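Pasting a structure here, questions to come.
The values are calculated or read from the model by the stated rules, or taken from the named source; none is laboratory data. Since this is a predicted model, take the numbers as computed values, not measurements. Cβ coordinates were reconstructed from backbone atoms using ideal geometry, including for glycine residues, and neighbour counts include every protein chain displayed. Side chains included, ligands, DNA and RNA excluded: accessible areas come from the protein's heavy atoms. Shrake-Rupley method; radii C 1.70, N 1.55, O 1.52, S 1.80 Å.
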Amino acid sequence: MIRVRFAPSPTGSPHIGNIRTAIFDWLYARHTGGKFVLRIEDTDQARYVEGALEEMMNDLRWMGMQWDEGPEVGGDFGPYFQSERLDIYHKYAGELIAAGKAYKCYCTSERLTEMREAQQAAGKTTGYDRRCRSLSEAELESSGKPYVVRFAMPESGTSSYQDVVRGSELSFDNSLQDDFVMLKSDGFPTYNFASVVDDHLMEISHVFRGEEYISSMPKYIYLYEALGWEQPVWVHVPLILGPDKSKLSKRHGAVNFSSYIGEGYLPEAMINFLALLGWSDSGDKDLYTIDELVERFDISGIINHPAIFDSSKLLWMNGVYIRQKSIDELLALCLPYLQEVGLVPENPDEPTLTYTKKVLALIHDRLKLLSEAPEMSEFFFKDDLTFEQKGVDKWLAKPETPAVLEHVAERIESLGDWSVEAIEATVREAGVEAGAEGGKVIHPVRVSVTGRTTGPGLFETMEALGREKVVQRLRNAAGRA
Ligand code: GLU
């Protein structure tokens, strides 16, 4: 049975890297018919952030990535919060201590600081000097003093494991390893210990996590060995870097995951884009539906070099997915954005909804983000237009323009058939009659009616706005000039 886990720490807003790992977990579970477990690694009390877990669960649900076991849904391997599993970690730590594979360390933080400073001064690599490893309880005079539990690592030899992403065995020099802390003095486990215990007890078959954990592999190898457990398959996913190959940050347009939701990215675009950050299906296809990803996702496609985050590609992809939406879907998606700025009322009536759909159909092709909808469509909803200075200077301010606009207004006013074709023919004819052919009439009419020099098809825009508004705007602009 394939069982994967996503194991976030509730220490802040989830970022792109966290969610990318969750997507890999989820895709792999769905691809194999396995289970996707959500485990909360909340053992770092000092870094706990209120609301971070809810945000994470919200992000996962927004993408349609429901976990099979974990918070809110339960499961047979709980509890799924590490803070509720302390007795389990203590039990295994106790067994390791009894077997001489771990030990209590009473060194104070002052002693550890002194030790580190002395090591640095002597030009040595820093690490615990294993003082408490060889002393007996009596020698330590320990009664009642705070302690941590350290794992007794081998001091020589090499350790190795098979990395499925790199397709090779990776080896480490044990003499460079530290006797790492398994349990802290507050009784909470460290990540390294708790994740091993939980991955085993939760029967996790594949551990997907960032490749920054590769350097800690010796710890896991010996912990598994000491506990007599079989290791899971380790799937270390590549780092995500910015286009300049530096660590991904806000500078590269990478923000908290929830901000992408707010800006109006679609789940299908985020999943598609993030799945390709570290996985490839061979070939240069870019667009994958979620079903296709589930069908094709496999460990063999995980790349073994850093993935580059390109925010312009994400934006492009989002536009592609927006264009695939029906107008009714687009309405549902954009309405909150239009309502937020008051372009559409909170409880719109049917005619308003019909009009809004017509407007959205006109901007559909150019939308790359749902949050662009208000700016792109404002002039359809508001009569006090903001005029683009460029359009005013180039067209409205021309001495001949008012007469042209007035003539177009007159012809439009008496137009019988209010269709896109009839409007176009009339505007063009009126232009010729007023001595302004083609662009010379179309541009000033566009600026008059929309306030802008670019936008959706002019005649479609006029048709949607309706005769009355168009005539009024043409006259306003004529008077303005
Ligand atoms: N809690 C760890 C983190 O958020 C999880 C790493 C792992 O997947 O094992 O980085």
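Per residue, how much space in cubic angstrom lies within the convex hull of the C-alpha atoms of segment 139-212?
It is 134 Å³ per residue.
Can you pull the percent of the chain's accessible area that's carbon plus sulfur, 1.4 Å probe, other chains left in place?
49
Further question: Could you report segment 171-279's accessible area per residue, 1.4 Å probe, as an integer in Å²?
35
Rg(Cα) of segment 384-431 divided by 2.2 N^0.38 Å?
Ratio of Rg to 2.2 N^0.38 Å for segment 384-431: 1.31.
Only sites in a loop by DSSP and with at most 15 other Cβ atoms within 10 Å count here; which trypsin sites (Lys or Arg not before Pro) in segment 349-436 make the cut?
Qualifying residues, ordered by number: LYS382.
Sticking with this one: What does segment 12-141 give for Rg and for Dmax, in Å, if only its C-alpha atoms count?
Expressed in Å, the Cα Rg and Dmax of segment 12-141 come to 20.8, 57.
Would you mind calculating the relative contact order of segment 34-183 from Cα pairs under 8 angstrom and at least 6 residues apart, reporting the percent as a whole number?
So the answer I get is 19 percent.
For ALA102, what residues show an amide H to amide H distance below 5 Å, using hydrogens built from the backbone and excluding near sequence neighbours?
HN-HN under 5 Å from ALA102: ILE97, ALA152.
Let me ask you something else. Loop only by DSSP, 14 or fewer other Cβ within 10 Å of the Cβ. Give me the trypsin sites (Lys or Arg not before Pro) in segment 213-279 that pass, ordered by residue number.
Within segment 213-279, the qualifying trypsin sites (Lys or Arg not before Pro) (loop, at most 14 other Cβ atoms within 10 Å) are LYS245.
Which pairs in the list LYS285/LYS357; LYS285/LYS313; LYS394/LYS469; LYS357/LYS394; LYS358/LYS394; LYS145/LYS184 are over 21 Å apart, alpha-carbon to alpha-carbon?
Among LYS285/LYS357; LYS285/LYS313; LYS394/LYS469; LYS357/LYS394; LYS358/LYS394; LYS145/LYS184, the Cα-Cα distance tops 21 Å for LYS285/LYS357; LYS394/LYS469; LYS357/LYS394; LYS358/LYS394.
Find the centroid of the Cα atoms in segment 28-61 and in segment 324-403, then give the distance between the two in whole Å.
39
Next up: Principal axes first, then extents: for the Cα atoms of segment 7-79, list largest minus smallest coordinate on each axis, whole Å, largest first.
Principal extents (Cα only, largest first): 37, 28, 17 Å.
Further, regarding this structure: According to the Kirkwood expression over distinct Cα-Cα pairs, how big is the hydrodynamic radius of segment 96-222, in Å?
Every distinct Cα pair counted, the radius reaches 16.3 Å.
Going highest first, how would you order 44-50, 70-76, 203-209, 176-182 by mean Cβ packing within 10 Å?
Most protected by this proxy first, the peptides run 203-209, 176-182, 70-76, 44-50.
Where in segment 258-356 are there trypsin sites (Lys or Arg not before Pro) that are in a DSSP coil and have at most 11 other Cβ atoms within 10 angstrom of their Cβ?
LYS285
Let me ask something else. Out of residues 5 or more away from GLY127 or on other chains, whose amide H comes under 5 Å of its own, with H placed 1.01 Å from N in the peptide plane?
The answer is none.
Rounded to whole Å, give me the distance from the Cα center of segment 132-187 to that of segment 193-211.
18
Over the Cα atoms, compute the radius of gyration (one decimal) and Dmax (the largest Cα-Cα distance, rounded to a whole number) for segment 421-481, in Å.
10.7, 28
Another question about this same structure. So what's segment 307-348 giving for Cα Rg divided by 2.2 N^0.38 Å, two decimals?
Compared with the compact-globule rule of thumb, segment 307-348 sits at 1.53.
Continuing with this model, one more query. Write down Rg/Rh for segment 365-470, rounded to two decimals, with Rg from the C-alpha atoms and Rh from the Kirkwood relation over Cα pairs.
0.96
Taking the Cα centre of segment 402-481 as the origin, how large is its charge dipole in debye, to the nearest 20, when only Lys and Arg (+1) and Asp and Glu (-1) carry charge on their Cβ atoms?
460
How many angstrom separate the Cα center of segment 429-481 from the Cα center of segment 249-278?
Computed from Cα coordinates, the inter-centre distance equals 39 Å.
Output the relative contact order of segment 142-268, whole-number percent, from Cα pairs under 8 angstrom with separation of 6+ residues.
For segment 142-268, the relative contact order is 22 percent.
Please give the solvent-accessible surface of PHE309 in Å², to the nearest 10, using a probe radius of 1.4 Å with every protein chain present.
0
Please express the Cα-Cα pair-distance distribution P(r) of segment 53-118 as a list of whole percents, one per 10 Å bin, running from 0 to the bin with the greatest distance.
Using 10 Å bins, I get a P(r) of 16, 24, 23, 20, 15, 1 for segment 53-118.
Give the Kirkwood hydrodynamic radius (Å, one decimal) of segment 331-404, defined as one over the mean of 1/r across all pairs of different Cα atoms.
Result for segment 331-404 stands at 13.9 Å.
Compute log10 of I(q)/I(0) for the chain with the Debye formula, placing one identical point scatterer on every Cα and leaving out solvent, at q = 0.07, 0.09, 0.12, 0.14 Å⁻¹, to two decimals.
The computed values of log10 I(q)/I(0) come out as -0.55, -0.75, -1.07, -1.30.
While we're on this one: Å³ per residue of the Cα convex hull, for segment 280-431?
It is 207 Å³ per residue.
Hey, what did segment 224-383 get for relative contact order, percent, Cα under 8 Å, at least 6 apart?
Rounded, it is 26 percent for segment 224-383.
How many nm is it between the label spots at ALA46 and GLU388, if each spot is 7 Å from the Cα in line with the beta carbon?
5.4
May I pose another question? Rounded if a/c is under 1.5, else prolate if a/b beats b/c, else oblate: with a ≥ b ≥ c from the C-alpha gyration tensor eigenvalues square-rooted, which is segment 152-266?
Here segment 152-266 falls in the prolate category.
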